[in-house]
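See structure below.
The values are calculated or read from the model by the stated rules, or taken from the named source; none is laboratory data. Bear in mind the structure is a predicted one, so any value in this text is a computation, not a measurement. So basically every Cβ, Gly included, is an ideal-geometry build from the backbone, and we count neighbours across all protein chains shown. Side chains included, ligands, DNA and RNA excluded: accessible areas come from the protein's heavy atoms. Shrake-Rupley method; radii C 1.70, N 1.55, O 1.52, S 1.80 Å.
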Amino acid sequence: MPRTPTATVPFMTAPEENAAHPRFAEALRELGLDDLIPQVRRFPDATRTATEAATAIGCDLSQICKSLIFAADGVPVLVLMDGASRVDVELVRRELGAEKVTRAKVDLVRETTGYAIGGVPPFGHASKTRVLADRSLLDHETVWAAAGTPYAVFPMDPKTLIAHAGGTLVDVREQTQ
């Protein structure tokens, strides 16, 4: 059973206007999500990985929404995946009808999204990309995603997050044997 995010994690800073990356805060305003800005939480230590984020927040690993960029025949695609799962690249390839899908290199991630790996939010990117969202995200009432820096995260209902990302629901997580 998923844990509810802890509201008073001792090492979490108070909500603040500048916790989100400025570009991401602007994207929230443009989307009419101004009320989300005060909910962004900044941590003194990085929340770059799903494990770091879940530990800092005090939630289950699967409540973290990873924003991962892949290259499908050289074209960037964003995959939103729960923090406890891994992306099955072959399922992504089949979903997209691509010849080859690989993990995007650092420079492609930055060029496509405008953010560094470990801080890529699910929307508010520098360029429009196709978005695949794994159904596993819907297993929770709330998921936490990066807010444009490796130190900041925000909570959101997964259906709303996927809708703002323009995501298509798919099943692309690795299946454990």
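Placing R0 at 22 angstrom, the Cβ-Cβ distance between R94 and L61 gives a FRET efficiency of 0.25 after rounding to 0.05.
Among the trypsin sites (Lys or Arg not before Pro) within segment 114-167, those in coil by DSSP and having at most 12 neighbouring Cβ atoms inside 10 Å are K128.
For segment 67-177, carbon and sulfur atoms together expose 47% of the accessible surface, with a 1.4 angstrom probe and every protein chain in place. For GluC sites (Glu not before Pro), the sites in segment 51-139 that DSSP calls loop and that have at most 14 other Cβ atoms within 10 Å are E99.
With the convex hull constructed from alpha-carbon coordinates only, the chain shows a mean projected area of 9.6 nm² over all directions. With coordinates expressed along the principal axes, the C-alpha atoms belonging to segment 23-70 extend over 30, 28, 18 Å, beginning with the largest.
Give the Debye-formula value of log10 I(q)/I(0) at each listed q (0.27, 0.28 Å⁻¹), with one equal scatterer per alpha carbon of segment 126-177, two decimals each. Log10 of I(q)/I(0), two decimals: -1.14, -1.17. Mean residue ellipticity at 222 nm, helices only, the chain: -6500 deg cm²/dmol; runs of at least 4 DSSP H residues each add -39,500 (n - 2.57), and the sum is divided by the number of residues. Per residue, the solvent-accessible area of the chain (1.4 Å probe, heavy atoms of protein chains only, all protein chains present) comes to 50 Å².
Would any residue of segment 119-142 have its amide N under 16 Å from a label point 7 Å out along Cα→Cβ of D157? List them or say none. Taking a point 7 Å out along Cα→Cβ of D157, the residues of segment 119-142 whose backbone N falls under 16 Å are 137-142.
A Förster radius of 25 Å, combined with the Cβ-Cβ distance separating A126 from T176, puts the computed FRET efficiency at roughly 0.10. For the options L36, L68, L137, a Gaussian network treatment of the chain with springs between C-alpha atoms closer than 10 Å singles out L36 as fluctuating the most.
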